[in-house]
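Peer 1: Could you have a look at this structure, given as structure tokens, before my questions?
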Amino acid sequence: MKAIETQKPYIAMLLVQLIYAGMALFSKAAISSGMSSFVFVTYRQAFATLALAPFALFIQSEKDVPLSKKVLLKIFFISSFGLSLSLNLYGVAINYTTATFAAAATNAIPAITFTLAVLLRTERVSIRKVHGVAKVVGSALGVSGALVFALVKGPALVNNLQSSSANRDGGDGIKECCSKGEWVKGSLIMILANVLWSLWIIFQGRIVKQYPAKIRLTTLQCLFSCLQSAVAAIVVKRGEDSAWKLGWNIQLYSVAYCGVVVTGLTYWLQLWAIQRKGPVFAAMFTPLALIVAAIFSAIVWKEVLYLGNLGGAVLLVGGLYLVLWGKNKEEKQQTKFNGKISNGEEAQTAGDENAEDSKDETATAHECNTPCQLKHDGVEVAIHNSSPSQQQGHIAVTLPPLN
């Protein structure tokens, strides 16, 4: 049972990445059909708020956590740049770059999160220790693997598919999707979106300590993000009422999936994992979504997998497990160190208590000029001063007969 308990954060983050892979497929289909990215974010956050609200109101009603105005403002601020701005910038960046570059850039989040966490002192790293080197090298391998997976092709692993199927997203170069200026613009916007998302991951570890009601926290962030994104969508799509219409098509299915499953379930799972293992642990699973998405793309859209994809996957998995090994090694050493400190404090406390008890009993015994009784360790003893003992400066102790 204890082994299963320790594996829960790993299972949760694996599930998160599977859901994110589905999000990439549904989001691509919805936006490709003509849906505005701003309207898409607004609807997905609205669906998430409606899905989480009943759980936030009733499940955690017995464990009511006070919500001050200061904490509420912090949640609003974190939602503005971590969810609203980051998601909307991501949608804008895709218009200036390719889907392949978007997937590769997203996998830079673990390295960005690790760097920002070290700078903000929420994550510690010691290059003098093996686990510190493992975390640094693993982060570099993970990001390198993601870039190789997305950008390097090489020979095709499956040759019986048409080569044109591999170029549906314009992944063969900048010229097929946009100009050089648009590519640079989109790249900078994508990097900014990923930096904001990394900051959101880090600040979750802080805000959850001030407001530990995770379901309510997630609901509030989705609500604030919905309102903020709606304002942005109204400004951008002013006068275009048709942009807000939803039918029984891929757009509705994508919004419902991304809102209820992705925004609702995965955000809560990430909050839980961050609280248990820290922000870098949660971010290091991000590259797995790229592998899963590529596999589904090959099956559903008949896209070709190349040797570069395989090499990138090897680097991704190797870097991921290297970082996890470093985290596990660090946690074991910290637990061992804390145990030694705790045992030392308990021994010191016990020694002080025993010394104090001895002083009290000695003082009481010297005060017994007449026969009296004391209790030590649950045994009553009769103490009296006999003439021979008294002359020698000792106290005679007579134990009661055993029944």
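Values quoted throughout were computed directly from the atomic coordinates according to the rules given, and no laboratory measurement underlies them. This is a predicted model, so every value here is computed, not measured. Because the Cβ atoms are built from the backbone with ideal geometry, glycine has one as well, and the counts that use them run over all protein chains shown.
Peer 1: Separation of the stretch 85-137 and the stretch 37-53 by C-alpha centroid, Å?
Peer 2: Cα centroid of the stretch 85-137 versus Cα centroid of the stretch 37-53: 25 Å apart.
Peer 1: With θ set to phi - 60° and the Karplus curve 6.51 cos²θ - 1.76 cosθ + 1.60, what are the ³J(HN,Hα) couplings of the stretch 247-262 in order, to the nearest whole Hz, using x for Gly and Pro?
Peer 2: 3J(HN,Hα) across the stretch 247-262, in whole Hz: x, 7, 9, 5, 5, 5, 4, 5, 5, 5, 5, 5, x, 6, 7, 6.
Peer 1: Using a Förster radius of 30 Å, what is the FRET efficiency between I127 and T6 based on their Cβ-Cβ separation? Nearest 0.05, please.
Peer 2: About 0.65, to the nearest 0.05.
Peer 1: Stretch K209-Y253 to full length: gain in nm at 0.36 nm per residue minus the Cα-Cα span?
Peer 2: 12.4 nm
Peer 1: Please list the non-local residues whose amide H lies under 5 Å from the amide H of Y306, H modeled 1.01 Å from N, same-chain partners needing a gap of 5 or more.
Peer 2: For Y306, the qualifying residues are L157.
Peer 1: If amide H atoms are built 1.01 Å from N in the plane of the peptide, which residues on other chains or at least 5 residues away come under 5 Å of the amide H of T97?
Peer 2: For T97, no residues qualify.
Peer 1: Figure the gain on full extension for A53 and V314 (residue separation times 0.36 nm, minus the Cα-Cα span) and round it to one decimal in nm.
Peer 2: 89.9 nm
Peer 1: Let me ask something else. If you plug each phi of the stretch 125-135 into the Karplus form 6.51 cos²θ - 1.76 cosθ + 1.60 with θ = phi - 60°, what whole-Hz ³J(HN,Hα) values come out, in order, with x for Gly and Pro?
Peer 2: 9, 10, 6, 7, 10, 5, 5, x, 5, 4, 5
Peer 1: Moving on. Treating the beta-carbon of each Lys and Arg as +1 and of each Asp and Glu as -1, no other charges, what is the dipole magnitude of the stretch 2-333 about its Cα centre, to the nearest 20 debye?
Peer 2: Computed about the Cα centre, the dipole is about 1020 debye.
Peer 1: Hey, which of these cross-link pairs are over 21 Å Cα-Cα: K135/K214; K214/K327; K214/K277; K135/K277; K8/K277; K8/K332?
Peer 2: K135/K214; K214/K327
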